[in-house]
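Here the structure is laid out as structure tokens; the discussion comes afterwards.
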Amino acid sequence: MTYLWLKALHIISVMVWIGGMFVAAVAVTTLSASKPLSDAPGRADILDAVRRWDRRATSPAMALAWLFGVAVAMQGGWFGSPWLMMKLVFVVALSGLHGMLSGLLRNLGRTDRPAPMSGYLPPAIIAAIVVIVLLVVLKPY
């Protein structure tokens, strides 16, 4: 029963984390392509709301996803499994991407310069999630 609760909490926290990352990525992409902060009505409000959500929900959800994920892996006895090690590579990459997104959100508030390669952020998140889900469900190795 403990395993099922841990797995449910892991999935819930991952959904909040990835959902928040996707919102941040779309916001960075959209706001980078729009007019300068001073010229676009509502742009500062949107940026503030996304930054606040990132701090209050997305970042804590990432920490909880890691915590519950490690607990699930320990319960399942999967440490050392090749599929889990491959999954962790992508999860570490997503964690780094989350940090980069947080930094881009802060920088957009200070400067009107567009975020470099911001258009690639949403597809990168989706691609990583697809690989992670396939690894977890199929456990190919």
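The values are calculated or read from the model by the stated rules, or taken from the named source; none is laboratory data. Because the structure is predicted, anything quoted here is derived from the model rather than measured. Don't worry about glycine lacking a Cβ; one is built from the backbone with ideal geometry, like all the others, and counts go over all protein chains shown.
At-a-glance table
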| quantity | calculated |
| --- | --- |
| Residue within the stretch 58-79 that is more than 30 Å from residue 140 (Cα to Cα) and modelled with pLDDT under 95 present | no |
| Residues of the stretch 111-141 classified as under 19 Å from residue 33 (Cα atoms) and touching a residue at least 24 places away in the same chain (Cβ under 8 Å), total | 8 |
| Residue within the stretch 34-43 that is touching a residue at least 24 places away in the same chain (Cβ under 8 Å) and either in a helix (DSSP H, G or I) or touching a strand residue (DSSP E or B) at 6+ places or on another chain (Cβ under 9 Å) (or both) present | no |
| Residue 105 vs. criteria closer than 15 Å to residue 18 by Cβ and either out of contact with any Ser or Thr (no Cβ under 8 Å at 6 or more places or on another chain) or part of a helix (DSSP H, G or I) (or both) | no |
| Residue list for the stretch 48-67, filter: touching a helix residue (DSSP H, G or I) at 6+ places or on another chain (Cβ under 7 Å) and under 12 Å from residue 27 (Cβ atoms) | 50, 51, 53, 54, 58 |
| Qualifying positions in the stretch 115-141 - in a helix (DSSP H, G or I), touching a helix residue (DSSP H, G or I) at 6+ places or on another chain (Cβ under 7 Å) and of a type outside the set (A, V, I, L, M, F, W, C) | 118, 119, 122 |
| Residue within the stretch 87-95 that is within 30 Å of residue 5 (Cα to Cα), of a type in the set (A, V, I, L, M, F, W, C) and over 18 Å from the mean Cα position of the chain (by Cα) present | no |
| Pair list, Cβ under 7 Å, 6 or more apart: the stretch 57-74 residue closer than 17 Å to residue 132 by Cβ and in a helix (DSSP H, G or I), other residue modelled with pLDDT under 95 and acidic (Asp, Glu) | none |
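A quick yes/no check of all residues on (1) under 19 Å from residue 130 (Cβ atoms); (2) among the hydrophobic types (A, V, I, L, M, F, W, C); (3) outside any helix (DSSP H, G or I); (4) modelled with pLDDT of 95 or more:
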position: 18; (1), (2), (3), (4): yes, yes, no, yes
position: 23; (1), (2), (3), (4): yes, yes, no, yes
position: 26; (1), (2), (3), (4): yes, yes, no, no
position: 45; (1), (2), (3), (4): no, no, no, no
position: 55; (1), (2), (3), (4): no, no, no, yes
position: 83; (1), (2), (3), (4): yes, yes, no, yes
position: 92; (1), (2), (3), (4): yes, yes, no, yes
